[in-house]
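Here is the structure we will look at.
The values are calculated or read from the model by the stated rules, or taken from the named source; none is laboratory data. All values reported here derive from a predicted model rather than from experimental measurement. Because the Cβ atoms are built from the backbone with ideal geometry, glycine has one as well, and the counts that use them run over all protein chains shown. Ligands, DNA and RNA are stripped out before the accessible areas are found, and what is left, the full protein with its side chains, is counted by its heavy atoms. Shrake-Rupley method; radii C 1.70, N 1.55, O 1.52, S 1.80 Å.
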Amino acid sequence: KKKKPKSFMVQKKVAVVGAGIAGLASAIRLAEAGIRVDLFERNSYTGGKMTVYEQDGFRFDAGPSLFTLPHLVDEIFESCGKNPRNYFNYRQHNTACKYFWQNGKELVLKANLADNFKAIEANFGQAAAQSA
């Protein structure tokens, strides 16, 4: 048998399937750890559900309507030695989102968690607020 030289190192290689937010974040973190990454995506674009589509001259967001945990996005950029503010900035709004039902009920969620529990309780009762 032929012995491998001591300097022989195995290059780790990982396949990441899906270039949505989680796939992109995973691929970046793995690559930063020195692992060779092959990223596979069936669509012609990256971002997964975080995308837009155009129809009849209008542009529609097709992805998430709420952006949570922006510090995790910052962390990915910073782990690569990049300043996220060189690419984008966040601005927190007091109203996070609004939900509307056909029966006229409306739920407005705020940036403040305690306010959200109060709004859920006011609209759906104490049991709903406790299970939220």
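Residue by residue through the stretch 107-132, note down the ones that are open to solvent by 60 Å² or more (accessible area, probe 1.4 Å) and within 26 Å of the chain's Cα centre (by Cα).
Correct list: Lys110, Asn112, Leu113, Asp115, Phe117, Ser131, Ala132.
Take the stretch 20-39 and flag every residue that is under 18 Å from the mean Cα position of the chain (by Cα) and open to solvent by 70 Å² or more (accessible area, probe 1.4 Å).
Residues satisfying the conditions are Ile21, Ala22, Arg29, Leu39.
Ile120: touching a helix residue (DSSP H, G or I) at 6+ places or on another chain (Cβ under 7 Å) and farther than 28 Å from Ala31 by Cβ, yes or no?
yes
Go through the stretch 70-84 and count every residue that is farther than 15 Å from Ala31 by Cα and within 17 Å of the chain's Cα centre (by Cα).
Number satisfying all stated conditions: 6.
If we keep just the residues of the stretch 46-61 that are touching a residue at least 24 places away in the same chain (Cβ under 8 Å) and at negative phi, which is most open to solvent (accessible area, probe 1.4 Å)?
Only one residue fits best here, namely Lys49.
Out of the helices (runs of 4 or more DSSP H) lying entirely within the stretch 63-132, which hold 1 or more residues that are among the aromatic types (Phe, Trp, Tyr)?
Those helices (runs of 4 or more DSSP H) span 70-79, 113-124.
Which pairs have Cβ atoms under 8 Å, sit 6 or more apart or on different chains, and link a residue in the stretch 16-40 that is closer than 19 Å to Leu72 by Cβ to one that is in a helix (DSSP H, G or I) and hydroxyl-bearing (Ser, Thr, Tyr)?
Val16/Ser26; Ile28/Ser79; Arg29/Ser79; Glu32/Ser79
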